[in-house]
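The values are calculated or read from the model by the stated rules, or taken from the named source; none is laboratory data. Owing to the predicted nature of the structure, the values given are computational and were not obtained by experimental measurement. Glycine also receives a Cβ, built like all others from the backbone with ideal geometry; neighbour counts cover every protein chain displayed.
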């Protein structure tokens, strides 16, 4: 089942995507609220209602009216919070090798994450960036989950039951801002807080069952064989697989929930898949060839991310007409 958030005449709605069409869930079942946040608050109960609507539309037993004029939003447009993990060893190891520093052993000891700006969540469409963001502007190819049950001190063996579904995630990154501030061992902040993109829909866990594989050796939780790709202006720049995620989402949830409530509407990203950003790709290229032509995102670029079973997330980068520079404020 694919759940969407969309807008008609500046009003937000919750919908379901079936056979290429979007239907309003509330109009099909009055017990289902007309927004994603309220829907997630009710956990498995409303998910079962939505599943029945999906089945009825799919088999033609429900004569639902499809939406014709709408703007697709982030599936979870107003997350309770947004964390991003660091779960793919290939990405971490390669990025550190490119900086000529050894692999950090703590990576294999516990999963880590940071909080990013949950008010900067976006869906498909335009991403407006300030001029300073274009100083080494980057994409990051990831998968994200959303939580639909409150919990605390959750063990990894039970944690997958707290996941409502999966989405593609693009953790946009302004690398010069990021690297500057992280010299102070704090952050990332301004290098990340302007845009995090999720979409195009929230895919429920049952749809991914055919792709389930064993987690990495020594790890606990669900894993899925999902091909992950990114194209910029039609040219493929990144390819990886969700099954290569070393720390599972179950293990990340276990750590997130230690002594702390996780809440319905919390979004958690996987971290970048191997080859999943220009920072990594440029570093590898320069390591092998000092004349390697580095690439960063430019205004007008089209980013298309696709993940098996999760759809395609497309965005166009635009530049805000402004001469305001936070980099220019450096002492």
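Taken residue by residue, the range 231-247 has no member that is surrounded by fewer than 17 Cβ atoms within 10 Å (Cβ to Cβ) and touching a helix residue (DSSP H, G or I) at 6+ places or on another chain (Cβ under 6 Å).
What strands (runs of 3 or more DSSP E), lying completely within the range 112-218, carry at least 1 residues that are touching a strand residue (DSSP E or B) at 6+ places or on another chain (Cβ under 8 Å), over 15 Å from residue 84 (Cα atoms) and at pLDDT 95 or above? Fully inside the range 112-218 and qualifying: 125-129, 163-171, 196-204. Scanning the range 272-310 for residues being surrounded by 15 or more Cβ atoms within 10 Å (Cβ to Cβ), out of contact with any helix residue (DSSP H, G or I) (no Cβ under 9 Å at 6 or more places or on another chain) and part of a loop (DSSP other than H, G, I, E, B) gives a total of 1. Could you list, in sequence order, the residues of the range 88-111 that are closer than 30 Å to residue 320 by Cβ and modelled with pLDDT of 95 or more? Result: 91, single match.
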